[in-house]
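K.L.:
Please see the structure below; I have some questions.
The values are calculated or read from the model by the stated rules, or taken from the named source; none is laboratory data. Every value quoted in this text rests on a predicted model; they were computed, and no experiment measured them. Methodologically, a virtual Cβ is constructed for each residue, glycine included, from the backbone with ideal geometry; neighbour enumeration extends over all protein chains shown. Accessible surface areas use protein heavy atoms only, side chains included; no ligands, DNA or RNA. Shrake-Rupley method; radii C 1.70, N 1.55, O 1.52, S 1.80 Å.
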Amino acid sequence: MDAASVSIRLNPFKGSEGPQGAPVPWSPYGRILSERPSFTLDPLFHAGCYYVQDSSAMFVGHIFRKHLGPASRKLRVLDLCAAPGGKTTDLAASLREKCGDAFELVSNEVMKSRVGVLRDNVAIWGDPNVRVTGVDPAAFAKLPGYFDIIVADVPCSGEGMFRKDPRAEAEWSPAVVELCAARQKRILADVWPALKQDGILVYSTCTYEEAENDDNLEWAAEELGGAIFEPDDEFSEFGVRRTSHGNLLKAGEVPGEGQWAGALRKTAPQPEGRKNDLAILHPFGPEGDPDPDSPLSITFANEYPRVDVDRATALRYLHRDALVLRDAPLGHIVITYLGHPLGFAKNIGSRCNNLLPKSRRILMNV
């Protein structure tokens with residue numbers, strides 16, 4: 001089996017700057033690179049100009065766009081199992097292109113150890129209409145009929161990751177498949193009340209098991225109330241298979257790793273008792289004055305002086321070193337690289353206090 005490719009997805013709202021490569025057929029901003037650069041040492045990566053994502057995982061974004069429909073009103077979307085943030089950032093770009101500012105995207109991760117990474121990646125991508133939460137899927141039942149679209153890339157037995165992660169192969173067994181299929185049903189049943197009638201569920205895994213893929217989408221349609229969308233052969237020439245209820249990408253047949261995705265429309269009646277307050281989910285909000293995330297936002301205003309630095313200085317900033325910028329204004333400034341904001345510093349004259357969040361610091365030597 002060939003080695004996995006390296007792919008990125010450019011951020012259209014930050015100029016689509018970044019490494020260039022061959023287009024990913026099902027992703028308008030996906031690029032397959034000829035070799036793997038050091039993303040850690042590229043300031044544009046830390047500025048959110050692109051996101052490193054497997055090309056097969058980008059197929060979920062294609063399914064989402066395919067069923068997005070007309071932007072006639074504000075859309076509410078939930079990315080249910082969102083860490084580390086690849087699909088969330090893909091959905092955010094697709095929604096902003098289709099809806100402008102008329103959307104709300106909730107990015108949720110139940111694993112507390114992964115929420116911090118998700119928050120950082122969402123902040124770096126820079127779309128202000130994305131909110132990060134860290135609750136169990138069952139908590140969304142408090143918002144009956146709230147979401148127009150739910151994307152559920154659920155935990156699975158991980159056959160599609162065998163090439164990339166030897167541990168996934170070592171941990172696989174028929175019992176694990178059975179356990180995962182049951183867990184996936186529970187997740188879908190728990191979140192189902194939050195999807196409005198006629199809303200769309202995009203369901204995906206990174207396994208090849210029918211029990212976790214086609215069978216579970218069919219179970220959701222029959223037991224929860226939905227009509228499955230017919231899959232198509234649009235990308236068959238690029239190795240994408242059609243299954244009973246979705247599309248399968250297998251490592252070795254496509255450039256990336258394994259992925260399965262399908263979708264259905266909810267036909268069950270919308271529950272009563274609708275609530276519209278996301279505060280019940282305890283979303284994480286910005287902290288600090290000024291907000292360290294704000295310079296990375298695509299809507300960031302020019303209220304602070306910007307100081308553009310060279311690559312070496314940008315990397316020292318991202319290493320969270322103190323800088324000396326003698327010609328920079330005193331007070332809070334925004335450090336930029338090629339015009340793209342990286343974050344705040346406070347220039348006190350003799351040095352600049354580095355205000356980059358500790359969680360985003362480059363750990364390797366620069």
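K.L.:
When the chain is treated as a GNM, springs tying every alpha-carbon pair under 10 Å, which of Val240, Val191, Val309 comes out with the largest mean-square fluctuation?
P.N.:
Looking only at Val240, Val191, Val309, the largest GNM fluctuation is found for Val309.
K.L.:
Before anything else, pin down the relative contact order of the chain: Cα pairs under 8 Å, at least 6 apart, normalised by residue count, whole percent.
P.N.:
Taking the mean separation of contacting Cα pairs over the length of the chain, I get 16 percent.
K.L.:
If you don't mind, another one. Tell me the carbon and sulfur percent of the accessible area for the chain, rounded to whole percent, probe radius 1.4 Å.
P.N.:
Carbon with sulfur: 51 percent of the solvent-accessible area.
K.L.:
Sticking with this structure for a sec: Please list 337-348, 205-216 highest first by mean number of surrounding beta-carbon atoms within 10 Å per residue.
P.N.:
205-216, 337-348
K.L.:
List the lysines whose Cα sits under 30 Å from the Cα of Lys74, skipping any in the same chain fewer than 8 residues away.
P.N.:
In chain and number order, the partners are Lys14, Lys66, Lys87, Lys98, Lys112, Lys142, Lys185, Lys196, Lys266, Lys275.
K.L.:
Taking the C-alpha atoms of the range 35-124, how large are the radius of gyration and the largest Cα-Cα span, Dmax, in Å?
P.N.:
13.9, 42
K.L.:
Roughly how big is the chain's charge dipole about its Cα centre, with Cβ charges of +1 (Lys, Arg) and -1 (Asp, Glu), in debye to the nearest 20?
P.N.:
For this selection, approximately 1280 debye.
K.L.:
Would you mind computing the Rg to Rh ratio of the range 1-60 from its alpha-carbon coordinates, Kirkwood style for Rh?
P.N.:
Using Cα coordinates only, the ratio equals 0.95.
K.L.:
Could you pull the Cα extents of the chain along its three principal axes, largest to smallest, in whole Å?
P.N.:
Between the extreme Cα coordinates on each principal axis of the chain lie 67, 52, 36 Å.
K.L.:
Among 252-263, 27-38, how do they line up from the highest to the lowest mean number of other beta-carbon atoms within 10 Å?
P.N.:
252-263, 27-38
K.L.:
So, one more: Report, please, the projected area of the range 52-91 averaged over directions, based on the convex hull of its C-alpha atoms, in nm².
P.N.:
Approximately 3.1 nm², given one-decimal rounding.
K.L.:
Mind running the shape call on the range 102-256? Use the C-alpha gyration tensor, a ≥ b ≥ c as the square roots of the eigenvalues: rounded below 1.5 for a/c, prolate if a/b tops b/c, oblate otherwise.
P.N.:
Here the range 102-256 falls in the rounded category.
K.L.:
Sticking with this structure for a sec: Springs between alpha-carbon atoms under 10 Å, Gaussian network over the chain: tell me which of Asp190, Asp293, Asp233 tops the mean-square fluctuations.
P.N.:
Asp233
K.L.:
For the range 151-277, what's the relative contact order in percent, using C-alpha pairs closer than 8 Å and at least 6 residues apart?
P.N.:
Relative contact order here is 29 percent.
K.L.:
Name the residue, out of Leu315, Leu143, Leu179, whose mean-square fluctuation peaks in a Gaussian network model built on the chain with Cα pairs under 10 Å.
P.N.:
Leu179
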